[in-house]
Amino acid sequence: MSKLKFVAGAVLATGLLLPTATAIAATAKGGGATAWSPAKNDSGIIAIKDGSNDGDPAKAEYYRQASAGTKRTLWNHSGPNTTVYSGDGSKVIKFKACDENDWDGDDCSGWVAP
């Protein structure tokens with residue numbers, strides 16, 4: 001019986017010490033744009049929400065682990081208070097949120113790593 005208790009205790013202790021698969025999303029805000037990853041509880045998905053009613057789109061610029069030298073852009077042309085999600089891929093390693101301004105510089109956050 002003591003061997004069974006030892007095994008059960010070891011399994012419980014291992015479960016408490018190992019990190020879980022659930023990730024906490026990092027968020028970036030630039031102007032009226034908000035981006036976060038992981039989105040939908042998946043480290044390979046990023047989201048961008050357009051929170052302003054200025055007529056300009058929002059975008060998330062990001063890099064993936066499998067192609068760390070390639071900057072990607074996820075656009076949200078759907079209008080204010082809408083969210084767009086990327087397709088699933090390798091882990092998003094850094095990103096920023098931008099509120100585009102026609103004929104002027106974009107309002108962007110700094111780079112964030114999830």
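At a glance:
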| read-out | value |
| --- | --- |
| Cα-projected label distance for residue 27 with residue 41, points at 7 Å along beta-carbon direction, nm | 1.9 |
| Percent of alpha-carbon pairs separated by more than 20 Å within the range 46-114 | 27 |
| Peptide ranges 68-81, 45-58 listed from the most packed, as the mean C-beta count within 10 angstrom indicates | 45-58, 68-81 |
| Percent carbon-and-sulfur accessible area, the range 22-114, ignoring ligands, DNA and RNA, probe 1.4 Å | 44 |
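The values are calculated or read from the model by the stated rules, or taken from the named source; none is laboratory data. Treat the numbers as computed from the prediction; the structure is a model and nothing was measured. Backbone-built Cβ (ideal geometry, glycine too); neighbour counts: all protein chains shown. All accessible areas refer to the heavy atoms of the entire protein, side chains included, with ligands and DNA or RNA removed. Shrake-Rupley method; radii C 1.70, N 1.55, O 1.52, S 1.80 Å.
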